[in-house]
Every structure is written in structure tokens, then in C-alpha cells.
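Please read the structure below before turning to the comments.
The values are calculated or read from the model by the stated rules, or taken from the named source; none is laboratory data. Since the structure is predicted, the reported quantities are computational estimates derived from the model, not experimental observations. In this analysis, Cβ positions are derived from the backbone assuming ideal geometry, glycine residues included, and neighbour counts consider all displayed protein chains.
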Amino acid sequence: MNHLVAPSILAADFANLQRDIEMINKSEADWVHVDVMDGMFVPNISFGFPVVSAVKKHAQKPLDVHLMIVEPDRYLKSFKDAGASGITVHYEACPNLHRTVQYIKELGCRAGVALNPHTPVALLEDIIGELDMVLIMSVNPGFGGQKFIQNTYKKLTDIKELSSRKKPDLLIEVDGGVDEHNAANLIEAGASVLVAGNSVFSAPDPALAISNLKHAIVSFRS
Ligand code: DX5
Ligand code: ZN
């Protein structure tokens, strides 16, 4: 499968959000990655429903909503109503993860589960068959622009192995510190969706940065 690219609007210019979403619309991006932070699960607050709805109004690509919040069940329907196509919750925030995943699917959304850097892939053994996507965090969640954690490669290999045994069509997303230099290696290790914030929005030409991620195999594989 060709990999997907999901620019994270956390790194966009919030005062020019419509302009940045239109850039994504015209680019080779597949999804728009939307990071929601509550100041509880992570030590930062990003934005909530009104902003997600406003993004949805302009975005021509599916919204990939990454919830870094406690008790996400309370808000799943609201995020669906705000325009989410996919909803990813954190393993660490969901004591009844099976129920949460069923709820996301009942809402008609793609169901994803994210793992923090310290959470082993093996913990997904008994739920992976229910999931559409696993998000491997390659930084500690909460902020854009952090340094990529190298152990991510091992985790991608682990999730790839688990998915080939139990859920061959699983999407494997990697999020944090992704750029055109590590993209090809991440895909090689098993990633099928690349999230990128800073490496896209601080680039002189963000649409070109997206294109470079989309063609990472061709352009940058050594
Ligand atoms: C971090 C978020 C990421 C973030 C990635 O908690 O989940 O999606 O926007 O930003 P970069 O690509 O700058 O590391
Ligand atoms: Zn994210």
C-alpha cells in the first residue's frame, strides 16, 4: 500500500488557519491531522470543537483527530459531529478501551489507538483485531517540534509483526519528529501514515515538504 501523509495543523499559523488548510487542500496530503490536548492527559492545551468545526468547513481531506485527553468517551460524539473521519484515543487514557473503540466505530469513524513512547506494543495483542489504526508516538505527546525517539523503529517493527499475524490491513501511523530524512526509514520499518507538523509548516515551501514526504521512498531512500 502507498503510504499516507497527514500534516498536523498544530504547527499551522492559527491566525491564518484557512490559508494553511487551503495549502493542504492543494497539496499531495491525504489527511489533515488534528491534535486535541486538554491540559490533563498532556501538559498543554490546543483547541476544541469550534476550531475542529471551522477546520472541517474548509478542509477537502478527511480529518484525522488525535485525542490527547482524559475520558475521551465523553466527547467522541461531539468530535464526530465536528467533522472527524477518524478518531484516535490513547491507550493510557482508556481503562475500558474495548468499549471506547466500539463506540468510535458505531459513530461511523475509523478507530485508532495511540501508544505513548513507554507503552509496549504487546499490550494491544487482544484488541488489535478491532482496530483500524494504531498510532505510534515517536515523541512524548503534548508539543510539536520535539526530537524523534529512535526506539520508535523497534516499535514499528513490533506492531508490523503483530498486525501481520492478527490484522493485516491495520494502518500504522507515526507521529512526532517526522521529516523528509527519516520518512523512508519509517515506511521501511512499517509505517503507513506519516504525521508531520514542524517539518511541513516551518519549511520554506510547505506543499513541497508534503510532496517530499509523499515520495519519500523514491527521493530519500539511501
Ligand atoms: C504531538 C502531536 C503531534 C505533533 C507533531 O503531541 O501529537 O501530532 O503535532 O509535531 P511535529 O511533527 O512537529 O513533531
Ligand atoms: Zn498527533
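Per the listing L213, L171, L162, the residue uniquely aliphatic (A, V, I, L, M) and within 14 Å of the chain's Cα centre (by Cα) is L171.
Mind checking which residues of region 202-213 are buried (at least 21 other Cβ atoms within 10 Å of the Cβ) and touching a residue at least 40 places away in the same chain (Cβ under 8 Å)? If the condition is that a residue be buried (at least 21 other Cβ atoms within 10 Å of the Cβ) and touching a residue at least 40 places away in the same chain (Cβ under 8 Å), then P206, I210, L213 are the ones that fit. Exactly one residue out of K147, K160, K155, K166 is at pLDDT 95 or above, within 16 Å of ligand 2 (Cβ to nearest atom) and more than 22 Å from P7 (Cβ to Cβ), and it is K155. Scanning region 29-64 for residues that are touching a Ser or Thr at 6+ places or on another chain (Cβ under 7 Å) and over 18 Å from H3 (Cα atoms), we see that the one that is farthest from ligand 2 (Cβ to nearest atom) is F49. The residue that is farthest from I87 (Cα to Cα), among those in region 109-141 that are among the β-branched types (V, I, T) and within 12 Å of ligand 2 (Cβ to nearest atom), is V139.
Is there a residue being more than 14 Å from ligand 1 (Cβ to nearest atom), assigned to a helix (DSSP H, G or I) and free of Cβ contacts under 8 Å to residues at least 60 places away in the same chain anywhere in region 26-41? Checked against the condition, which is being more than 14 Å from ligand 1 (Cβ to nearest atom), assigned to a helix (DSSP H, G or I) and free of Cβ contacts under 8 Å to residues at least 60 places away in the same chain, region 26-41 yields no hits at all.
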